[in-house]
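K.L.:
A single structure is presented below for examination.
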Amino acid sequence: MTFQELGVPADMIQALDELGIITPTAVQAKVIPFLIKDGSDLIAQAQTGTGKTAAFGLPLLTKIDPHYPQIQGLVIAPTRELAKQIGKQLFRFTKHTAKIFIEVLGGGDNIDKQVEKLQRPTHIIVATPGRLIDMVKRRALSLGAVRYLVLDEADEMLSMGFKKELAEILTLTTERRSTWLFSATFPEALNQLTKGCMSPTPHSIRIDQGQVVNRDIDHKFAVLSRDKKTEFIANFLKRQKEGRGLIFCRTKAGAATLGSELSALGLSVEVLQGDLMQKERDKVMRAFKKQRVQFVVATDVAARGIDVEGLSFVIHHQLPDQLEYYTHRSGRTARAGKKGMSLALIGSKEKWQLNQLESKLKVSFSEYR
């Protein structure tokens, strides 16, 4: 399939070509034709890293009237980083179209500056739940003209405690024509949230987990006792020369401890975890993107929305609790057609988890030598 066959307009295809996005992913091939032609309520089950932004973003842009200076599209994302990433992608897709104005509203950024920017015509808002509600309370924007609401990574937003804010957003956008919901899992709380806010039988699309993992990633494992992991990681990093990468930990405390231990060994390491102030998080990300820091130790939630080019590896200090997090973690490497490695450090009794990943994600692990 090509994007032209999916119904994407030629001016957006030109932008996709320039971005090197030529062949639609599985989720794009299923979602885009439905949303462009029909555009009614949609529930799509897909993991992080499957190309969801283009799947909902391209159809959303086709629905916008550039001559009507009101907020017509609203995209809600769990984290500021992901919201910014979505906003950037939407902006890139409009390079050759009539001018569509997009604003990103995330917590941690200067709210007065955001209010000021909203004084000019805005067609699409990409926001985190809390900051959007703050803006509504300040009367800095009106959601009365919103016709299309996108909830991206809806399960993640619920797990982060945004149930009340999401319910309020659904109430504030009662004039919308449709709701497009994307989520990796569907807990009962999500079903309860959307009941009565979507049609009783929304169009449903599910992408098999075996289709979502980048085939350019080499999946490796090493069996280690817990007290040997820091030494192993340090030796691995010292052999990387120019190679850059991420090391994932399950907890904030674990990430902070590992970061301190690696820094003490003279390695160029920073830590990205949820207790950092937004200014500190931004500082770490700037240093990483500009290659002033070679490695970053991160937790799963803190790493949401990280989009750094040229990462050659990802290390899992422990395997994540949730299957979709493995896809999210490993998807930080092997981007834009490059190769990369995903290295899992496991205890001798954890091999069953690798078997589970191999079975569900259709990947194959080999031992790191």
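K.L.:
Does A264 satisfy being farther than 27 Å from K37 by Cβ, assigned by TED's automatic domain parsing to the domain that holds Q294 and buried (at least 16 other Cβ atoms within 10 Å of the Cβ)?
P.N.:
Details: farther than 27 Å from K37 by Cβ: yes; assigned by TED's automatic domain parsing to the domain that holds Q294: yes; buried (at least 16 other Cβ atoms within 10 Å of the Cβ): no.
In short, no.
K.L.:
Also, quick follow-up: Among the residues in the range 12-19, are any within 27 Å of L166 (Cβ to Cβ) and part of a loop (DSSP other than H, G, I, E, B)? Give the derivation first.
P.N.:
Let us first name the residues in the range 12-19 that are within 27 Å of L166 (Cβ to Cβ), namely none.
The answer is no; no qualifying residue exists.
K.L.:
Please determine whether any residue of the range 315-330 is in a loop (DSSP other than H, G, I, E, B) and within 30 Å of G20 (Cα to Cα).
P.N.:
no
K.L.:
Continuing with this model, one more query. Are any residues in the range 20-37 free of Cβ contacts under 8 Å to residues at least 40 places away in the same chain, over 10 Å from L6 (Cβ atoms) and hydrophobic (A, V, I, L, M, F, W, C), and if so, which ones?
P.N.:
I21, I22
K.L.:
Only one of these conditions is not met by V136: (1) surrounded by 19 or more Cβ atoms within 10 Å (Cβ to Cβ); (2) in a helix (DSSP H, G or I); (3) without any contact (Cβ under 8 Å) to a residue 60 or more places away in the chain; (4) of a type in the set (A, V, I, L, M, F, W, C). Which number is it?
P.N.:
(1)
K.L.:
Might you let me know whether the range 55-73 holds any residue that is more than 21 Å from A145 (Cβ to Cβ), at pLDDT 95 or above and under 15 Å from the mean Cα position of the chain (by Cα)?
P.N.:
yes
K.L.:
From K339, K351, grab the single residue that is surrounded by fewer than 18 Cβ atoms within 10 Å (Cβ to Cβ), farther than 14 Å from D218 by Cβ, in contact with a strand residue (DSSP E or B) (Cβ under 8 Å, 6 or more places away or on another chain) and touching a residue at least 40 places away in the same chain (Cβ under 8 Å). Can you show your working first?
P.N.:
Values: K339 fails: farther than 14 Å from D218 by Cβ.
Checking each option against the conditions leaves just K351.
K.L.:
Please pick out the residue among I125, I43 that is in contact with an Asp or Glu (Cβ under 6 Å, 6 or more places away or on another chain), outside any loop (DSSP other than H, G, I, E, B) and under 25 Å from K164 (Cα atoms).
P.N.:
Details: I43 fails: in contact with an Asp or Glu (Cβ under 6 Å, 6 or more places away or on another chain).
Result: I125 is the single residue among I125, I43 that is in contact with an Asp or Glu (Cβ under 6 Å, 6 or more places away or on another chain), outside any loop (DSSP other than H, G, I, E, B) and under 25 Å from K164 (Cα atoms).
K.L.:
Considering only residues that are under 19 Å from L143 (Cα atoms), touching a Leu at 6+ places or on another chain (Cβ under 8 Å) and not in a helix (DSSP H, G or I), which ones fall in the range 153-190?
P.N.:
Correct list: T173, R176, S178, T179, W180, L181.
K.L.:
Where the second residue is in a loop (DSSP other than H, G, I, E, B) and hydroxyl-bearing (S, T, Y) and the first is closer than 13 Å to T174 by Cβ and lies in the range 139-150, which pairs have Cβ atoms under 6 Å and are six or more apart or on separate chains?
P.N.:
Short answer, once both residue conditions are applied: L143/T173; V146/T173; L149/T173.
Residue by residue, here is whether (1) free of Cβ contacts under 8 Å to residues at least 60 places away in the same chain; (2) buried (at least 17 other Cβ atoms within 10 Å of the Cβ); (3) assigned by TED's automatic domain parsing to the domain that holds V27 holds:
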residue	(1), (2), (3)
F182	no, yes, yes
Q192	yes, no, yes
K238	yes, no, no
R250	no, no, no
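The values are calculated or read from the model by the stated rules, or taken from the named source; none is laboratory data. Just so it is clear, the model here is predicted, and its values are computed rather than measured. A quick note on method: Cβ atoms are made from the backbone with ideal geometry, for glycine too, and the neighbour counts reach across all protein chains shown.
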